[in-house]
Amino acid sequence: MPVQIRFNDIDMFGHLNNSVYIQFLDLGKYAYFRQFMSDTFGCEPTAPVVANINCDFIEPTKIDERLEVLTAITDIADSSMTLDQRVVSTTGRVKCSARTIMVNIDLATGRPATVSDTWRRRIAAYQNNEE
């Protein structure tokens, strides 16, 4: 998913501020889920929420660079999913790499909920088509 760098995203050193990468990763997560869940995403009784995120900043980004967010789910447990994401320049240079654990929660109770078989099938089909 392409993302746009704004003037106010740049820090006093002329680099993309580290906090902006996290915002870009969030946009990538949303776009990823919308790709295969477009008819039901946001309308179900459960939703994935971020429980943990670890981000390695590899290389600084300047304002004139064009960036994309790459996202894949690498593991699905009973009520959680692991996402691997990268922010890369359109020239292929990795700017940051992140691993996020998302827990599927029941929106009525706030408690962890099993990732549905429907989601599992759609994730598998989507990722198999992307390879």
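The values are calculated or read from the model by the stated rules, or taken from the named source; none is laboratory data. Since this is a predicted model, take the numbers as computed values, not measurements. When we count neighbours, we look across all protein chains shown, and the Cβ atoms used for this are built from the backbone with ideal geometry, even at glycine. Heads up: the accessible areas ignore ligands, DNA and RNA and are worked out on the full protein's heavy atoms, side chains in. Shrake-Rupley method; radii C 1.70, N 1.55, O 1.52, S 1.80 Å.
Work out from phi, with θ = phi - 60° and the Karplus expression 6.51 cos²θ - 1.76 cosθ + 1.60, the ³J(HN,Hα) of each residue of the range 7-21, listed in order in whole Hz, and give x for Gly and Pro.
3, 6, 7, 8, 8, 5, 9, x, 10, 4, 5, 4, 5, 6, 4
For the chain, what are Rg and Dmax over the alpha carbons, in angstrom?
Rg and Dmax of the chain, Cα atoms, are 15.8, 47 Å.
Got a sec to turn the phi values of the range 68-77 into Karplus ³J(HN,Hα) couplings, 6.51 cos²θ - 1.76 cosθ + 1.60 with θ = phi - 60°, whole Hz, x for Gly and Pro?
Along the range 68-77, the couplings run 9, 10, 9, 9, 8, 8, 9, 7, 10, 9 Hz.
Convex hull volume of the Cα atoms in the range 16-91, per residue, in Å³?
116
Charges at C-beta only: +1 for Lys and Arg, -1 for Asp and Glu. How large is the resulting dipole of the range 1-76 about its Cα centre, in Debye rounded to 20?
140
Using the per-residue mean of other Cβ atoms lying within 10 Å as a proxy for protection, in what order, highest first, do the peptides 94-101, 9-16 fall?
By packing density, highest mean first, the sequence is 94-101, 9-16.
Pick from 88, 103, 50: which is most flexible by mean-square fluctuation in a GNM of the chain where alpha carbon atoms under 10 Å apart are linked?
50
Quick one: dipole size for the chain, taken about the Cα centre, charges +1 on Lys/Arg Cβ and -1 on Asp/Glu Cβ, in debye to the nearest 20.
The dipole magnitude comes to about 80 debye.
HN-Hα J couplings of the range 94-103 from phi, Karplus 6.51/-1.76/1.60, θ = phi - 60°, integer Hz, Gly and Pro as x?
7, 9, 8, 10, 9, 10, 10, 9, 10, 9
With every protein chain left in place, what is the accessible area per residue of the chain in square angstrom, probe 1.4 Å?
In whole numbers, the chain has 59 Å² accessible per residue.
Between residue 51 and residues 5 or more places away or on another chain, which pairs have amide H atoms under 5 Å apart, with H built 1.01 Å from N, and which residues are they?
101, 102, 103
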